[in-house]
1. Residue under question is residue B:201, and the condition is that it be within 30 Å of residue B:32 (Cα to Cα), without any contact (Cβ under 8 Å) to a residue 12 or more places away in the chain and under 18 Å from the mean Cα position of the chain (by Cα); does it hold?
2. Being within 16 Å of ligand 1 (Cβ to nearest atom), open to solvent by 20 Å² or more (accessible area, probe 1.4 Å) and within 22 Å of residue B:27 (Cα to Cα) is the requirement here; does residue A:95 meet it?
3. Among the residues of segment B:110-126, is any open to solvent by less than 10 Å² (accessible area, probe 1.4 Å), touching a Gly at 6+ places or on another chain (Cβ under 9 Å) and away from every other protein chain (no Cβ under 14 Å)?
4. Run residue A:67 past the list (1) away from ligand 1 (no atom under 15 Å from the Cβ); (2) within 19 Å of residue A:207 (Cα to Cα) and report the number of the one that doesn't hold.
5. List pairs: first in segment A:16-31 and near ligand 1 (Cβ under 8 Å from one of its atoms), second part of a strand (DSSP E or B) and of a type in the set (Ser, Thr, Tyr), Cβ under 9 Å, 6+ apart or cross-chain?
6. Got a sec? Which of B:169, B:162 is closer than 30 Å to residue B:125 by Cα, free of Cβ contacts under 8 Å to residues at least 40 places away in the same chain and over 13 Å from the mean Cα position of the chain (by Cα)?
7. Name every residue in segment B:220-248 that is open to solvent by 60 Å² or more (accessible area, probe 1.4 Å) and assigned to a helix (DSSP H, G or I), in order of residue number.
8. Grab the helices (runs of 4 or more DSSP H) fully contained in segment A:1-114, keeping just those with 3 or more residues being more than 16 Å from ligand 2 (Cβ to nearest atom) and not acidic (Asp, Glu).
Amino acid sequence: MSIPATRPAIEVAGLRKSYRSKAGSQVVLDGVDLVVPAGTVTALLGPNGAGKTTAVGVLSTLLRADEGTARVAGHDVAREADAVRASIGVTGQITAVDDLLSGAENLRLMADLHHLGRAAGRQRVAELLERFGLTDAADKPVATYSGGMKRKLDLAMTLVGTPSVVFLDEPTTGLDPRSRRTLWDEVRALVADGTTILLTTQYLEEADQLADSVAVLHGGRIVAEGTPAELKAVHAAGSLDDVFLALTEPPAGPETDPRTETDEETVR
Amino acid sequence: MTAITVTAPARAGGKPLADVRTMFRRNLLRAVRYPGLTLFVVVGPLVMLLLFVYIFGGAFGAGVAPGVAPGAEGRAAYLTYITPSLLVLTVVGAGQSIAISAAMDAAGGIMARFKTMAISPGSALSGQVLGTVVQSIAALVLVLGAAVAIGYRPQADAVDWLALLGVLLLLAVAISWLCVALGLNARSVETASNAPLILLLLPFLGSGFVPVETMPGPVRWFAEHQPFTPIIDTVRGLLAGGVGLDGATVAKAVVWCVLIGVAGYLWARSLYRRERRV
Ligand SMILES: Nc1ncnc2c1ncn2[C@@H]1O[C@H](COP(=O)(O)OP(=O)(O)OP(=O)(O)O)[C@@H](O)[C@H]1O
Ligand SMILES: [Mg+2]
């Protein structure tokens, strides 16, 4: 598939974000630059606490950046938040379903909030239940769903409004191998329809399988970016696991300052 | 191939009423699926009704209605005195349940999901408030029904009932907005359920269960100046058919409700817009 000559679906430049608390301020994103062409999948990798969820939060209008710009689907996330929201679908790291309602009711809620109308809404709900294998459980309360079923419903809810840009924050955590593959197929189908996807994951095989491009976030910056094959070649590594380990060695990324370098040597 | 088109979709922030209606329906559905929360709202006032009337009523009656004999006559007088207070407490109890559900929404991801959607801002909270107001009315009917069942006889005429409905609706809206804010402000669902407890205490520190004239100086001063005293006096006066009710009390009650409601609304709105802290 060809990448259209329109502007990228996600453009991030110089993004900075820190969390302030009584204990002081913690810099999480320290100048992130990222471009995701429309109709492609980018996997955002990084160790726990690297700021992947924070980055998704800024791009999905949940969090405000301190500095830098971010455009999603051509709209500025800070100044045109509503236009961004109308174009995106977000599956956050925390499953976002209403436990007291049934699966079908959760999807109906999304259809109503997207103003799909009765007939179209009902059709969309049935279609998504089918696609995610939830038809049998459709009328059961979500509280009785397994973790994996909730996650699938979560994803289905994200897709009700046919978003053009989809954020998936560790979408397959807790899914069994078959469900994970079902989800991969869903992602591929979405991309085939022209949807742009930014996903974070800790399963590097997932990034290898799905991503057109991989970006590694570490120490508040993107420390490496490229296709899975390019990254493996550059780091002379057999798997993305090795690339990940090489790039994200604690306590800091490639631009380690001399002191920590010596510290590390003494430890060895 | 669908390219990214740089046009603002028509629905961005589009249909506030439809969104509020959708969120309202969600909350009604939750209340139906999980009736425990509504029952929990009713049980407190019902237990208090029985406890206060049958245990304390015989002795307290003389304190609220001079000249009444202890025993059955006192119980009847005390029932008349506290039923209005219990109605007000019922509304506050419903506030506790909205605080819990707001905190649950914020703790789970669903509120974050709503925030990333192009729905009209505030519809998530307004829907919850509307749902709670309906829940309050159901609870009020149950509590008032129980009071009537054990012998309470309101003296209100049609106009009084209408005015009463208006005051209780206003109170329910105001308390709901305040409690949504308390729920969003809480760090966990547990603290959210405790936050409105202070509101449940206020009727006791006012004209709810004994006349304020019987209280010692500083407590009495507080009782005379806190919002629940004029609110309870208004409800009590309307149920008594307007006996002993003056316009100033009603005005105070209405002003307090509006103040609580507006403050709660503004606070809730800013909490909803704020980034979620850990
Ligand atoms: N709301 C918050 N307030 C304060 N600090 C926060 C907040 N959210 C995240 N952090 C901190 O910011 C850093 C980045 O968190 P983030 O959740 O973005 O990481 P992540 O890459 O998604 O990690 P994981 O792989 O564990 O999901 C962490 O150190 C975390 O403690
Ligand atoms: Mg995360």
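1. yes
2. So residue A:95 passes the test.
3. Scanning segment B:110-126, I find no residue that is open to solvent by less than 10 Å² (accessible area, probe 1.4 Å), touching a Gly at 6+ places or on another chain (Cβ under 9 Å) and away from every other protein chain (no Cβ under 14 Å), so the answer is no.
4. Among (1) away from ligand 1 (no atom under 15 Å from the Cβ); (2) within 19 Å of residue A:207 (Cα to Cα), the lone unmet condition for residue A:67 is (2).
5. A:19/A:25; A:26/A:18; A:26/A:19; A:28/A:18; A:28/A:19
6. On inspection, the qualifying residue turns out to be B:162.
7. B:220, B:221, B:222, B:224, B:225, B:248
8. A:81-87, A:103-113
The values are calculated or read from the model by the stated rules, or taken from the named source; none is laboratory data. The model shown is predicted, which means the values in this text are computed figures rather than measured ones. Reconstructed Cβ throughout: ideal geometry from the backbone, glycine too, with neighbour counts over all protein chains shown. With ligands, DNA and RNA removed, areas are computed over all heavy atoms of the protein, side chains included. Shrake-Rupley method; radii C 1.70, N 1.55, O 1.52, S 1.80 Å.
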